[in-house]
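The values are calculated or read from the model by the stated rules, or taken from the named source; none is laboratory data. This is a predicted model, so every value here is computed, not measured. Every residue, glycine among them, receives a Cβ derived from its backbone with ideal geometry; neighbour counts consider all protein chains shown.
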Amino acid sequence: MTIATQPGGGNSARPQPSGLADVIDTILDKGLVIDAYVRVSLVGIELLTIDARVVIASVDTYLRFAEAVNRLDISQEKEGLPGLVGGMEESGARHKTKGALEAAGDKLRDFTDSQNGDKERAGRRSRSREDS
Amino acid sequence: MTTQTEDRQAGDGRTGVYVYGILPGDIEVEPGAPGVGDPPGEVRAVRYRDLTALVSDVDLDRPLGRAEDLFAHEELLDSSAAEVAVLPLRFGAVLASEDAVADELLGPHYDEFSAALRQLDGHAEYVVKGRYVEDAVLGEVLEENPEAARLGQQISGGDPDATRDQRIQLGEIVAEAIEARRQADTRALGDAVAERVTASVVRPPTHELDAVYAAFLVETGKAEALRQAIEQLAEQWGDRMDLRLIGPLAAYDFVGSGAPAGN
């Protein structure tokens, strides 16, 4: 895979797909804070985009992961053994897991190179479904 | 709730001076550099002895915080940081006037700002952010953890309500396995860049699939070596992770975040 080096400065390619999240993490959380008594207050900083910034493992998270595993299983079954859903042995499933992942990895490498973030993963998944 | 008339009256006069950051020496600001606000205020310099603050006028009756405002703040500071040491202020610092910037901010903190700028001299910040590729990391977990694989089989194609307990159990195993990987990969990142960085800060994860997230203070001369180290890691980690190197940035993570500048 390649890594994307993003020049921080200049007027070039901003905003990028995941750029806003990066900026929020940085300039709302970090940086020098000046004494409150020196500051005059703004009418209110309007921030619509701060959500999902704190990662707390919850039942929701667990269910989402389980669903992702389920999707993974289903796509393997489709690719590996059409018509033979269910009744698989564990070792067989494991092999297919690997095969499906490698295949997906190859098909989707182009995607990875050009994009980042959640959109990309969604795109990747739907693509491998179309292919299967 | 204010009336229209009050809004207009208030909007007529109440402006403040938005402060972006503090730089050493006699910095010239490119004319026309856009700041925060709508329309964007024009960025200018306020000087106190050999310190310069980058500021622009801002309407106090309009909320800030649009994506454009955030980008304007960061882009101005990051483009400066590529050239010279910068003390970046957290987004949203507004003082009453130019005089207040000089007399209440730069003056009283002259010594500590100068010392901090000397320490940052010749450095910039780089952020490394890696996120696991979900299918790949799930595949790893299922492969190494028979219990997870067994639960995966149990829920496969089943009624979601009937298998809720198994789903939660499986998800918990996955979350723990990802956390263990996150810690191991963060250590590996730290080891890989140790020789190239002056200081480092591990940032807390912001997403459940975050793999590594850290900021590094890097000497200008070592930036290329850092890039190579990260590239090598990316190769090593391969398709299981999307890895990004972001920078050069102003040293947001290395200016005593959280503590007030004064006292």
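Just one of (1) basic (Lys, Arg); (2) more than 30 Å from B:Asp111 (Cα to Cα); (3) modelled with pLDDT of 80 or more fails for B:Arg8. It is (3). Of the residues examined, B:Ala53 is not one that is of a type in the set (A, V, I, L, M, F, W, C), within 8 Å of chain A (Cβ to nearest Cβ) and either surrounded by 24 or more Cβ atoms within 10 Å (Cβ to Cβ) or under 30 Å from B:Ala223 (Cα atoms) (or both). The criterion of at least 1 residues that are of a type in the set (D, E, K, R), farther than 30 Å from B:Ala251 by Cα and more than 7 Å from chain A (Cβ to nearest Cβ) is met, among helices (runs of 4 or more DSSP H) falling completely within the range B:77-182, by B:134-144, B:146-155.
Condition check ((1) buried (at least 19 other Cβ atoms within 10 Å of the Cβ); (2) at pLDDT 95 or above; (3) under 22 Å from B:Trp237 (Cβ atoms); (4) out of contact with any Phe, Trp or Tyr (no Cβ under 6 Å at 6 or more places or on another chain)) across all residues:
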| residue | (1), (2), (3), (4) |
| --- | --- |
| B:Arg150 | no, no, no, yes |
| B:Ser156 | yes, no, no, yes |
| B:Thr163 | yes, no, no, yes |
| B:Gln166 | no, no, no, yes |
| B:Asp185 | yes, yes, yes, yes |
| B:Gly190 | no, yes, yes, yes |
| B:Val212 | yes, yes, yes, yes |
